[in-house]
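**Student:** Just passing along the structure, written as structure tokens.
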Amino acid sequence: MILVHACCAPCLSGIIDDIDTDFKVYFYNPNIQPLREYTRRLETLIKFSKERNFSLIIDKEYKLQEWLENAVKLNGKADNLRCMYCYADRMDRVARYAKENGYEAFTTSMLYSPFQKHEMIKEIGFRMEKKHGIRFLYRDFRENYPRGDEIAKRYGMYRQGYCGCIFSEFDRYSFMLNRYEG
Ligand code: SF4
């Protein structure tokens, strides 16, 4: 049994058909802000789990203050340490849960997105493999992007406009500030 971390339903839709053994999906993403964006992405995933009939484990830990304090300290630092913290926090928790609950391996839908820092996710995944003594199922799922995109459209999924944290929301939409004079 494989434990598949899902960052969101659209990314998950691009990888689950390639996992050729039994799996359960694990949602743990305190980086998704604000809370209503988090619930919207989670509800999209819950709906998809019912449509595709897979088991979904929802880890509701949402440590907003701790997450932001850590991210603010690292924001703007070399090699994007904020994202490194964000990936490591999530994969550490997923790997630990997988080990403690008898799974044979873990992986993450973050390996699907061409918009994520793929090499960083891969490196952290193998680090968590060593730390927790459980196999990290690595594959470059980015090649599935056109197919996953088509599935997300077919299921009418909500598709977010930014990665997750308020910093990424700012990076995506700060151009709007230029609309105003004064
Ligand atoms: S941009 Fe994405 S990966 Fe990086 S810290 Fe924000 S939510 Fe996490």
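**Student:** Given the rule -39500 (n - 2.57) for each run of at least 4 DSSP H residues, summed and divided by the residues of the chain, what is its mean residue ellipticity at 222 nm, to the nearest 500 deg cm²/dmol? Write out the running numbers ahead of the final one.
**Tutor:** Numbers: 7 runs with 87 residues, N = 182.
Mean residue ellipticity, 222 nm, calculated: -15000 deg cm²/dmol.
**Student:** So, one more: Tell me which residues come under 5 Å, amide H to amide H, from F23 once H is placed; ignore anything under 5 positions away on its chain.
**Tutor:** Excluding prolines and chain starts, which carry no amide H, the hits are I2.
**Student:** Relative to the longest principal Cα axis of the chain, at what angle does helix 81-100 sit, 0 to 90 degrees, rounded to 10?
**Tutor:** 20 degrees
**Student:** Taking the Cα centroid of segment 1-35 and of segment 71-97, what is the distance between the two, rounded to the nearest whole Å?
**Tutor:** Comparing the Cα centres of segment 1-35 and segment 71-97, I get a distance of 18 Å.
**Student:** Tell me the carbon and sulfur percent of the accessible area for segment 56-112, rounded to whole percent, probe radius 1.4 Å.
**Tutor:** About 48 percent, which is the carbon plus sulfur part of the accessible surface.
**Student:** Can I ask one more? Find, among the GluC sites (Glu not before Pro) in segment 87-182, those assigned to loop by DSSP (not H, G, I, E, B) with at most 16 other beta-carbon atoms within 10 angstrom. Write down the numbers at each step before the final one.
**Tutor:** Numbers: sites: E100, E104, E119, E123, E129, E143, E150, E169, E181; in loops: E104, E181.
The qualifying sites are E104, E181.
**Student:** Under the 0.36 nm per residue contour assumption, what length would be gained going from the current alpha-carbon distance of F126 and T21 to full extension?
**Tutor:** Between F126 and T21, full extension yields 35.8 nm more.
**Student:** Can you work out the accessible area per residue across segment 74-178, with the rest of the protein chains kept in place, probe 1.4 Å, in square angstrom?
**Tutor:** Numbers: 5720 Å² over 105 residues.
Computed with neighbouring chains in place, this is 54 Å² per residue.
**Student:** In degrees, nearest 10, range 0 to 90: what is the angle between the Cα axis of helix 35-52 and the longest Cα principal axis of the chain?
**Tutor:** The angle comes out near 30 degrees.
**Student:** Then there's this: Could you calculate the contour length gain from I58 to Y158, that is, 0.36 nm times the residue separation minus the distance between their Cα atoms, to one decimal place in nm?
**Tutor:** Contour length minus Cα-Cα distance gives 34.2 nm.
**Student:** If the chain between Y180 and N75 were fully stretched, how many nm would it gain, using 0.36 nm times the residue separation less the Cα-Cα distance?
**Tutor:** So the extension gain works out to 35.1 nm.
**Student:** Follow-up. Convex hull over the alpha-carbon atoms of segment 2-179: what's its volume per residue in Å³?
**Tutor:** It comes to 127 Å³ per residue, whole-number rounded.
**Student:** If you look for lysine pairs in the chain that are eight or more places apart or on different chains, how many of them have Cα atoms under 18 Å apart?
**Tutor:** Lysine pairs, 8 or more places apart or on different chains, close enough: 13.
The values are calculated or read from the model by the stated rules, or taken from the named source; none is laboratory data. In this text, all values refer to a predicted model and were calculated from it rather than measured experimentally. Quick reminder, even Gly has a Cβ in these numbers, built from the backbone with ideal geometry, and neighbours come from all protein chains shown. In case anyone asks, the SASA skips ligands and DNA or RNA and just uses the protein heavy atoms, side chains included. Shrake-Rupley method; radii C 1.70, N 1.55, O 1.52, S 1.80 Å.
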